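Okay, structure first, notes after.
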Amino acid sequence: METYTLTTAGADLVYDVRGPLPTADGRPPLFLIGHPMDASGFVALAARFPDRTVVTYDPRGLGRSTRADGRVDYTPEMLADDVHAVITKLGAGPVEMFASSGGAVTALALVARHPGDVTALVAHEPPLITITPDGPAAVRARAGVRDAYEKRGWGAGMAAFVAMTSWEGEFTDAYFAQPAPDPAAFGMPTEDDGSRDDPLLSDRSWAVSDHRPDVDAINAAPTRVVIAVGEESRTVQTGRTSDAAAELLGQRVTVFPSHHGGFLDGEFGYPGKPDEFAARLREVLDAS
């Protein structure tokens, strides 16, 4: 693996390349992206593609990538332009892409803004919360996570986030009537370390989950776009947003093994099924 830094006007973007460029097999590089997950979240998945040249990167302000734009917020357009800059720097033509969570939102914006960058995109569980039928309630639930974080710190915010993302079905009065979840019940710290800069729990990434894909631009692009969902996610928020995104694009979701982090080993506490997940990803990418 070789690690590089690309300096742009707004950030120093660190990216990793596993394998040769140009690629040994003549296929496009496989680019794995997330948000707010950085490259460290794709180690297990990249290892399961030893025959491919695999590229990962840290989004600006996360992991090893730094910001020089004076901002703390994230927008899909900003992130998409960063990914475009890395793809251009690779000089290896358009890529195939697997994009997870907020990274899937970035990837949909990338296809709309830079349609020549990606030949095939698997967008896994994009959290586009406003396009579900209960969009206003989902926005209210998201604000509750931010409020818990602002008032009581990371543990409380993360407990609220877990409660929100594991809720099955639409956000009803029953959801909002629940008592605040106890961080200790989730094995999370109850003390407040004073920080309020988490991109997942603050409002810094709200533009990502508020995004509405440019359907006309995506459908006009030469990219084969697949909206994917984990079989364990079907009834929770990111499963429902995946169904809504697929419907928006005139397709049906493609089901993958496991859950929202189904490609992860156990290093992040909730292991998926990375072998089965990688096999399914290979199958989908290889489909004509």
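Some observations on this one:
- Note on region 15-45: residues that are more than 22 Å from Val111 (Cα to Cα), small (Gly, Ala, Ser) and open to solvent by less than 10 Å² (accessible area, probe 1.4 Å) amount to 2.
- Taken over region 141-195, the residue count meeting the criterion of being open to solvent by less than 30 Å² (accessible area, probe 1.4 Å) and of a type in the set (Lys, Arg) is 1.
- Selected residue (only one of Glu247, Glu170, Glu150, Glu231 is touching a strand residue (DSSP E or B) at 6+ places or on another chain (Cβ under 8 Å), at pLDDT 95 or above and of a type outside the set (S, T, N, Q)): Glu231
- Failed item in (1) modelled with pLDDT of 95 or more; (2) open to solvent by 20 Å² or more (accessible area, probe 1.4 Å); (3) over 17 Å from Pro133 (Cα atoms), with Ser202 passing the rest: (2)
- Some residue of region 90-107 being more than 15 Å from Leu200 (Cα to Cα) and touching a Phe, Trp or Tyr at 6+ places or on another chain (Cβ under 6 Å): yes
- Residues that are within 18 Å of the chain's Cα centre (by Cα), closer than 29 Å to Gly93 by Cβ and part of a loop (DSSP other than H, G, I, E, B), drawn from region 205-248: His211, Pro213, Asp214
- Contacts under 6 angstrom Cβ, first residue in region 9-35 being among the β-branched types (Val, Ile, Thr), partner open to solvent by 30 Å² or more (accessible area, probe 1.4 Å), 6 or more apart: Val14/Thr5; Val14/Arg64; Val17/Glu2
- Within region 46-68, being buried (at least 17 other Cβ atoms within 10 Å of the Cβ), more than 14 Å from the chain's Cα centre (by Cα), within 20 Å of Thr7 (Cα to Cα) and β-branched (Val, Ile, Thr) holds for one residue alone: Val55.
The values are calculated or read from the model by the stated rules, or taken from the named source; none is laboratory data. Since the model is a prediction, treat every value here as computed from it, not as a measurement. Virtual Cβ from ideal backbone geometry, glycine too; neighbours counted across all protein chains shown. Just so you know, the surface numbers come from the protein's heavy atoms only, side chains and all, with ligands and any DNA or RNA stripped out. Shrake-Rupley method; radii C 1.70, N 1.55, O 1.52, S 1.80 Å.
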